[in-house]
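I have placed the structure first, in the form of structure tokens, so that the comments after it can refer back to it.
The values are calculated or read from the model by the stated rules, or taken from the named source; none is laboratory data. Every value quoted in this text rests on a predicted model; they were computed, and no experiment measured them. We place every Cβ from the backbone using ideal geometry, glycine too, and count neighbours over all the protein chains shown.
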Amino acid sequence: MHPASRAPRFLALLLPFFLGACAIFGPDRAATLPPEPQQEASQPVADPAPEQQHSASAPANPGPPASIQPTSETPWLYEGSNIPVDRQWRFGVLDNGLRYATRENGVPPDQVSIRIRIDTGSLYESDSERGYAHLLEHLLFRQSRYLGVGETIPTWQRLGATFGNDTNAVTSATQTVFQLDLPEADPAKLDEAFKLLSGMIEAPVINEVNVRTEVPIVLAEKRERGGPNERVANESRDLFFHDQMLAKRPPIGTEETLEAATAEDVEAFYKRWYRPEETVIAVAGDADPYVLARLIEKYFGDWNVEGDVTPEPDFGDPTPPAGVAADNPVGETAVMVEPDLPRSLTYSVMRKWEPVQDTITYNEGLLMDALAQSLITRRLEARARGGGDYLYAQVQQEDVSRSTDATFVSFAPLTEDWQTALADVRAVIADATTNPPTEEELQREISEYDVAFVAAVEEAEVEAGANLADTLINAVDIRETVASPQTVLDIFRGMRDRVTPEAILARTRALFEGDVIRGFYVTPQQGEASAEELRAALQAPVEADGSARIEAKTIDFAQLPKIGTPGTVVADGPLGILGIERVELSNGATALLWPNDAEPGRVAVNVHFGAGLRAFDTKDAPYITLGESALISSGFAGLDQEDIDRLATGRKLGFDFGVDLATFTFSAETRQADLADQLYLFAAKLAFPEWDARPLARAKAGERLSYDNYATSPAGLLNRDLESLIRNGDPRFGTPTPEMVENTSAEGFRKVWEPLLKQGEIEVMIFGDFDRDAAIESLEKTIGALPPREPVDPATFGPRPAAPEADGREVEYHRGDANQAAVVLAWPVGSGPAEISESRQLEILSQIFMNRLFDEMRERAGASYAPQTRVDWPVDDVGGGTFIALAQLRPGDVTAFYDASEKIVADLATNGPTEDELARVTEPLRQTILRASTGNGFWMWQLRGTSRDPTLLKSMASLVEDYSVATPERIKQLAAKYLASRKPLEIAIVPEGTQVP
């Protein structure tokens, strides 16, 4: 059995019962949970025997296609390299020069991921063609050989692919990549997909009508990106890549060149760069790689373009201005004032980009560079945690768009004293370039990388095919190869004897040597800095400061206090689905355990407790946001954040914290070897919380610095205020203002959070590749050893989340570009498990609504690039459910959005959708569920809370049907019930000084 085909088909255990029950008993019985299969339910349905796999797509001639490169030949991707070839890929070259790679991969089952890369991007454009590479990407979706005008997206939807997720395209400075993740890829679908893609790539219809239709859509995309952050991106690109093509080549292009685009000019660009010799196809999926190769031969083999290949443009090299010092070549600097943006300073050491031979020696050097950067960034972080003059700082080497090999240093000064922050950062770096690291520091970083590489080997069998295809395409873009996780681990471990402090010192020095140093500072304060002052600060001598080095200190779990007297299991038995076991411990905690091999090497752990957001009074709202940032970093069991990081060295541990409507959640991904330690971390936070004030102070600083940035665009204000606005201004759902943050304190933080950590029954979920008995023992010593929990008292809850109220129109004003606006419509829906099936059917209505908005606002009017809809139905009966439609658009199009939405609602409530509209939504939704269900994360989300409330399981019986089986009449009823029967809350976000009609 192909090792990449191990992803189990968990839903296959459910579908025969769920869908069969529906077919036999009818919809009125769909919610009745069927009995578990008599087979061993904790295991997935067995994979077919090797000779049975892919029988539907097996070729009559099992031999390799003519274009496949034999194993005796160096594959085209590995020419000039001694990196071991990843033999799971099959490489080939067509007679026309098109290169490809195919690979069998069953993650998720039945999906095939196709990537088509064209070696052209914005750097291949002339001045008058800026934006053409990206415009072409749009035009290929508009009309092509086999697809009429506007048929591409509906066609992919009928094949089960969602637009944006499963089918998309990306244009960068150096490449354009077309992406398709095809679900349920049987031979007929695969053949159709390759045919359609070949027509898009080889024969797009580029005429004046299509160009004039797509240009407004591209301009809408450009408009939605606009604002201060886009201005900073443009100015910084102009500074760092001074006199290089990259400085003036954002892929989105310019308004002037796009509006001037003609079909003749765009077609000339297409003919110049869209050629088989410039094309690479990568395919990874649940199909025979030879079958995939034959489809490439069939549909791309006869693609020929007249004329010679156009040479790649000269992207230019970073060049210092005349007269710079050789030992500190500070060149161009710039200071940009943006009143609503937080302070940020970046300087870069620029070097010429050179093509490389992707050899083992070269990769050993890259790994040493990575270790060097990790050492410096850890020291910079330690300085920030200890009260430095900056909020964060990091170092990153990057080869940028085949234009420069650069080392970037970026940080955020806490105050207007940016010079001190810069000197602080430079002093830490100077120490790293002057003195070798300690052996203890180095071994810590080596251990971190080793854990990551081992995890990649353990999890290789469940690497998604889409990720594998993307990785190969990106390797082509940077002119390197791909390596299996085992090869990466072997190279890393094979170089260990040569990774000495002195070797790291040499690599560190090289990282900060270059042709020119450039600096860019963004500040909200006029007159705070000048380009000359920034240049002088970068030129100033710096003294190495080793005080940020991490002291040698060993912390082991054996040194930490025991949680308490171990508990015992007082009850255990099947949950009633998928062979998952429910366990109850003597202190009242419950656990759901599901050992499975869905994701080898991975163990997902969630701990749910308490009452979540509803436990907060509105006056304590700022502590919600601050808690999400600082609660875990505040420490536990006598450990601060640095101690926790050190404790995790050499282990795969995590600690995420989330505040949901009705519960708090600790979550992490770990492995069997570290599961006991992971459970200890979670239990220790509940048993022995610490209240270090430094993480809180840092979180407060971050909130203060970032708040004004939200008002720089409609999208920012939506992120800041939408959840609060649709709940009548409830501050628990919004972003706290600087004044609210300023009025918090360390004492208040502890007063709010300390009792919440003690309240509410605990539910643990452990899903993945682990030993059940060992997990039980660890649970008894950790979560089971906690004292009995204090009850959650509903009388202390804050107000129930309100539903959107249609009371006129809410208007907010942003300080961004005058051509940007956003509009929202919000209707109240339900919450709780009683009508969960109806909530899923509402998702079908939501998707149909979005498709119609897409047609009205993007395709017909070019008013909005990506209108969206969303259904939020809290499973816990806490209220606040919403149905939302929103879009970013021009201020003058606000009324058009309201009118279009009103028309859509009226028509859906009166006539319902067409059968085709329904199919375009339900099939992609069904495929999304089928694919997601092959991973543990899907089931952890679906089954949370079921150890406490088994009635939640009833809704699982109709899961697939609810999302994929509906009639036009049913959708019409839902539209009438939830949308047409009441006025929505209207929210408009417009520029300051704008009148909303």
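Every residue, every condition in (1) under 29 Å from Asn304 (Cα atoms); (2) modelled with pLDDT of 95 or more, yes or no:
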site: Pro48; (1), (2): no, no
site: Ser55; (1), (2): no, no
site: Ala60; (1), (2): yes, no
site: Gln69; (1), (2): yes, yes
site: Arg117; (1), (2): yes, yes
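Of all residues in segment 208-217, those satisfying the criterion of being surrounded by fewer than 18 Cβ atoms within 10 Å (Cβ to Cβ) and either modelled with pLDDT under 95 or over 18 Å from Phe854 (Cβ atoms) (or both) are Glu208, Val209, Arg212. Of all the listed residues (Val894, Val905), the sole one being over 19 Å from Tyr963 (Cβ atoms) and buried (at least 23 other Cβ atoms within 10 Å of the Cβ) is Val894.
Taking Ala287, is it surrounded by fewer than 20 Cβ atoms within 10 Å (Cβ to Cβ), outside any strand (DSSP E or B) and in contact (Cβ under 8 Å) with a residue 24 or more places away in the chain? So Ala287 does not fit the description; no. Residues that are crowded, with 22+ Cβ neighbours inside 10 Å and β-branched (Val, Ile, Thr) within segment 397-431 comprise Thr404, Thr407, Val409, Val425, Val428, Ile429, listed in sequence order.
For Ser837, the criteria (1) surrounded by fewer than 24 Cβ atoms within 10 Å (Cβ to Cβ); (2) farther than 30 Å from Val960 by Cβ; (3) among the hydroxyl-bearing types (Ser, Thr, Tyr) hold in every case but one, which is (2). Would you confirm whether or not segment 596-604 contains a residue that is touching a helix residue (DSSP H, G or I) at 6+ places or on another chain (Cβ under 7 Å), β-branched (Val, Ile, Thr) and either under 26 Å from Glu440 (Cα atoms) or assigned to a loop (DSSP other than H, G, I, E, B) (or both)? There is no residue in segment 596-604 that is touching a helix residue (DSSP H, G or I) at 6+ places or on another chain (Cβ under 7 Å), β-branched (Val, Ile, Thr) and either under 26 Å from Glu440 (Cα atoms) or assigned to a loop (DSSP other than H, G, I, E, B) (or both).
For the criterion of being in contact with a Leu (Cβ under 7 Å, 6 or more places away or on another chain), closer than 27 Å to Tyr707 by Cβ, of a type outside the set (Phe, Trp, Tyr) and outside the structural domain of Gln672 (by TED's automatic domain parsing), Val823 passes.
Right, Arg479: surrounded by fewer than 17 Cβ atoms within 10 Å (Cβ to Cβ) and either of a type in the set (D, E, K, R) or under 30 Å from Ala412 (Cβ atoms) (or both) or not? Here the answer is yes, as Arg479 does meet what is asked. If the condition is being buried (at least 17 other Cβ atoms within 10 Å of the Cβ) and closer than 28 Å to Ala621 by Cα, then segment 643-654 contributes only Ile644. Scanning segment 849-891 for residues that are assigned to a helix (DSSP H, G or I) and basic (Lys, Arg) yields Arg852, Arg858, Arg860.
Considering only residues in segment 242-260 that are out of contact with any His (no Cβ under 8 Å at 6 or more places or on another chain) and assigned to a loop (DSSP other than H, G, I, E, B), the one that is farthest from Arg518 (Cα to Cα) turns out to be Ala260. Scanning segment 491-531 for residues that are of a type in the set (Asp, Glu) and more than 22 Å from Thr407 (Cα to Cα) yields Asp497, Glu528.
Going by what's in this entry, would Gly92 be described as within 19 Å of Asp477 (Cα to Cα) and in a strand (DSSP E or B)? Yes. A count restricted to segment 319-354 and to residues that are in contact with a Phe, Trp or Tyr (Cβ under 9 Å, 6 or more places away or on another chain), aliphatic (A, V, I, L, M) and more than 18 Å from Arg237 (Cβ to Cβ) stands at 1. Residues in segment 576-584 include at least one that is in a strand (DSSP E or B) and among the hydrophobic types (A, V, I, L, M, F, W, C). The number of residues in segment 916-953 being among the hydrophobic types (A, V, I, L, M, F, W, C) and surrounded by 20 or more Cβ atoms within 10 Å (Cβ to Cβ) comes to 6. Meeting the requirement of 1 or more residues that are of a type in the set (Val, Ile, Thr), the helices (runs of 4 or more DSSP H) wholly within segment 607-697 are 622-630, 641-647.
Pairing residues of segment 636-662 that are farther than 12 Å from Thr554 by Cα and touching a residue at least 60 places away in the same chain (Cβ under 8 Å) with residues that are surrounded by 18 or more Cβ atoms within 10 Å (Cβ to Cβ) and of a type in the set (Phe, Trp, Tyr), at Cβ distances under 9 Å and at least 6 apart in sequence or on separate chains, gives Ala637/Tyr680.
If a residue has to be in a helix (DSSP H, G or I) and either on the phi > 0 side of the Ramachandran plot or acidic (Asp, Glu) (or both) to count, how many in segment 188-241 make the cut?
The first filter runs over segment 188-241 and keeps only residues in a helix (DSSP H, G or I), leaving 188-202, 208-225, 228-240.
Still in the list and also either on the phi > 0 side of the Ramachandran plot or acidic (Asp, Glu) (or both): 191-192, 202, 208, 214, 221, 224, 230, 235, 238.
Selection size over segment 188-241: 10.
For segment 167-186, a tally of residues being outside any strand (DSSP E or B) and within 19 Å of Asp119 (Cβ to Cβ) returns 4. Exactly one residue among Glu332, Glu354 is more than 21 Å from Gln394 (Cβ to Cβ), within 32 Å of the chain's Cα centre (by Cα) and of a type outside the set (Phe, Trp, Tyr), and that residue is Glu354. When each of Ser846, Ser837 is tested for being without any contact (Cβ under 8 Å) to a residue 40 or more places away in the chain, closer than 26 Å to Gln927 by Cα and either small (Gly, Ala, Ser) or not in a loop (DSSP other than H, G, I, E, B) (or both), the lone residue that passes is Ser846.
Per-residue answers, yes or no, for (1) surrounded by 15 or more Cβ atoms within 10 Å (Cβ to Cβ); (2) part of a helix (DSSP H, G or I):
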{"site": "Phe749", "(1), (2)": "yes, yes"}
{"site": "Pro755", "(1), (2)": "no, yes"}
{"site": "Glu761", "(1), (2)": "yes, no"}
{"site": "Asp773", "(1), (2)": "no, yes"}
{"site": "Ile776", "(1), (2)": "yes, yes"}
{"site": "Gly784", "(1), (2)": "yes, yes"}
{"site": "Val792", "(1), (2)": "yes, no"}
{"site": "Ala803", "(1), (2)": "yes, no"}
{"site": "Asp807", "(1), (2)": "no, no"}
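Taken as a whole, the structure places Ala715 among residues that are part of a helix (DSSP H, G or I), surrounded by 19 or more Cβ atoms within 10 Å (Cβ to Cβ) and of a type in the set (Gly, Ala, Ser). Tallying residues that are farther than 18 Å from Ser778 by Cβ, surrounded by fewer than 17 Cβ atoms within 10 Å (Cβ to Cβ) and not hydroxyl-bearing (Ser, Thr, Tyr) within segment 540-558 yields 8. Scanning segment 86-116 for residues that are charged (D, E, K, R), under 30 Å from Pro600 (Cβ atoms) and in contact with a strand residue (DSSP E or B) (Cβ under 8 Å, 6 or more places away or on another chain) gives Arg90, Arg103, Glu104, Arg115.
Does Val996 satisfy the criteria of being modelled with pLDDT under 95 and not in a helix (DSSP H, G or I)? Yes. Taking only segment 674-691 into account, find how many residues are more than 27 Å from the chain's Cα centre (by Cα) and either of a type outside the set (Gly, Ala, Ser) or surrounded by fewer than 21 Cβ atoms within 10 Å (Cβ to Cβ) (or both). The qualifying residues number 9.
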